1. Need one word for the range B:36-145: rounded, prolate or oblate. Basis is the Cα gyration tensor (sqrt eigenvalues a ≥ b ≥ c); a/c below 1.5 gives rounded, then a/b vs b/c decides.
2. Would you mind giving the average projected area, over all directions, of the Cα convex hull of chain B in nm² with one decimal?
3. If you take the C-alpha gyration tensor of the range B:187-327, multiply each eigenvalue by 5 and take the square root, what semi-axes do you get, largest first, in whole Å?
4. Per-residue mean of other chain beta-carbon atoms within 10 angstrom of the beta-carbon, peptide A:50-62?
5. If you place +1 on the Cβ of every Lys and Arg, -1 on the Cβ of every Asp and Glu, and leave all else neutral, what size is the dipole of chain B about its Cα centre, to the nearest 20 Debye?
6. Just grab the label-to-label distance for residue B:81 and residue B:260, each label 7 Å out from Cα along the Cβ direction, in nm (one decimal).
7. What is the helix-to-structure angle for B:83-96, meaning the angle in degrees between its Cα long axis and the longest Cα principal axis of chain B, kept from 0 to 90 and rounded to the nearest 10?
8. Per the helix-only calculation at 222 nm, which mean residue ellipticity applies to chain B, given -39500 (n - 2.57) for every DSSP H run of n ≥ 4 and division by its residues, nearest 500 deg cm²/dmol?
Amino acid sequence: MQKFNYSIKEPEGLHARPAGLLVKCAQSCSSNVKVEVKGQTADAKRLFAVMGLGAAQNDQLTFTVEGSKESTECAKLKAFCEENL
Amino acid sequence: MERIHGTGASDGIAMGRVVLWHGCQANIEKYTIKDVPKEFERLQKAQDDAVDVLNEIYLKSLKRVGKKDSMIFQIHMMMIQDEDYSQAIRNRIKENKVNAEYAVWETGQEFAARFAKMDSEYMRGRKTDIIDISDRLVKCLNPEYGSGKVVVNEPSILAADDLTPSETMQLDKSKIIAIVMRKGFRTSHSAILSRTMGIPSVVGLGDDFDGVKDGMAAVVDGTAGEVILEPDEAEQGKCQQALEASRRKQQELKSFLGAQIKTKSGRIVAVNANIGHPEDAETALKNGADGIGLFRSEFLYMGRDSLPTEDEQFEAYKSVLEKMGNKPVIVRTFDIGADKQIPYLHLPKEANPALGYRAIRICLDRKDLFRAQLRALVRASAFGNLKIMFPMIISVEEVREAKQMLQETKSELESEKISFAHDIKVGIMIETPSSVVLSDELAKECDFFSIGTNDLTQYTLAADRLNDKIAKIYDQSNPAVLKMIELTAKNAHKAGISVGICGESAADPKLAEFYLKTGIDELSVAPPSVLGLKKTLKQACEKSAAV
């Protein structure tokens, strides 16, 4: 299991477009990807669940990646966050 | 004839007949089913079909408005296929033994209600997206529930309670000349899309929308946020003129993009744009503005339920400054009160709001609000050429107090190690007779003046600018008003500071020569007026040898 934290820079937070991009990226992973913010956890492959977190700018996201390719996929998700959120 | 007001969501003016669109959330028939797997199959097929249709819309939209604004349709595809959403629909089918259409409709309502409760206005707006995808699924299940396409046969004004993004995107631009809506904010997707498509639009009409009837004639002024129902001949004439004039002008004016106004004596007169929202900066640039002469920051406080946070404001100012590059951006600190009320501030009703608790008077009284705005502004100053302007000044003390607070804000940010521009220019609005009379004193306190002729006219002539009965008395080129401008300009120049005009009359071609003679350094007008004013000024410069 791998974990990393990321704090959101996007001014509108994890709104529809970035949430959609994130879910797309998570769906391309074979690992289980969970994202947690303010004590709430969501499956990162599910759009409504991710949008429902209502994560705002400066909120800290904690990603948990679990699976056979977890280390490469964790790095991929991290790079995605840096670039898009 | 009746005038109703909402939020101007997309600029421009249009006149025509209203087509009332009822949307497609018609009554969904509910019936009991026996064969659950068959219903699941129907649902799956409808989901596949809906994704195909959306993909087509996406590709079409990509060509029309580009990738960023089309992304919403990809999101819709993902929403339709979302596991939680699908599961919720299947559960309803299985447990309640209801038809797929009804299960979809109910699930859509449930998810929409969940979003409607969220904190951010942006997320609340996503409610419409969920209704949109649910409608689409229902239609795929049973085409009798409507085509989902707004069908309009002749160029018309589309009136609807609310429009979903896909309804907006499917509009035939050659047939829809304007959009008016009961609901919606400037940040609704349909508002964003109508701006991108250049269709004038007024949203958030609220109960006033009840007066809008199918087939009615109307004038839609998206710039002013006004709709005139059953306009009389005079209004129709006005609108016709405005339309024709704007069409002709647009063509001729293209040649003035990038033009600089220089008088014979070598003085440069800047032609800037007035804006109310960060995204207007693009329109200003497209229209060849030399800078932003007036960013009405109070608009950031309007059309919402709570105060914008310091960070929200910072992002708004930053985005304008970045877009404008090294061009100057004058932000007026919030001018709330009088005709610009903010419901959530719960300011008491006043007998004379124009003479009451407003603008700098609120700033200096509600220091918490003012401080948040100043912090956001100073932080944003690191990203461009920011100038700060205080509204409704009547005394030297007010300027000193406001400047003192600005200084405190800077020290505070300095101690927090936040970078900002150290040479932010500070100016004031000259819009009260007292500020004109004191302009020699006030000039020593600031770096620039900007004359707000709308209020200056109202206060100088003791004529309410919102009172139709005295519209003739309220004359921005009344000699008394012009003398006020002359005196202000003289005192500004004596102190070596610049003076601009940012009221409606800045765009008045009849006054162009007067402004040049008076030595006005900057004129700020609505973005669509910039090029026209440049043309007028250029001609005036050539004609008159004296300037």
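Please treat every number below as a calculation from the coordinates, not as lab data. Nothing here was measured: the structure is a model prediction, and the numbers come from that model. Heads up, the Cβs are rebuilt from the backbone with ideal geometry, glycines too, and the neighbour counts pull from every protein chain shown.
1. oblate
2. 27.4 nm²
3. 30, 25, 12
4. The per-residue average across the peptide is 3.
5. My answer is approximately 1460 debye.
6. So the two model labels end up 5.4 nm from each other.
7. 40 degrees
8. That comes out to -14000 deg cm²/dmol.
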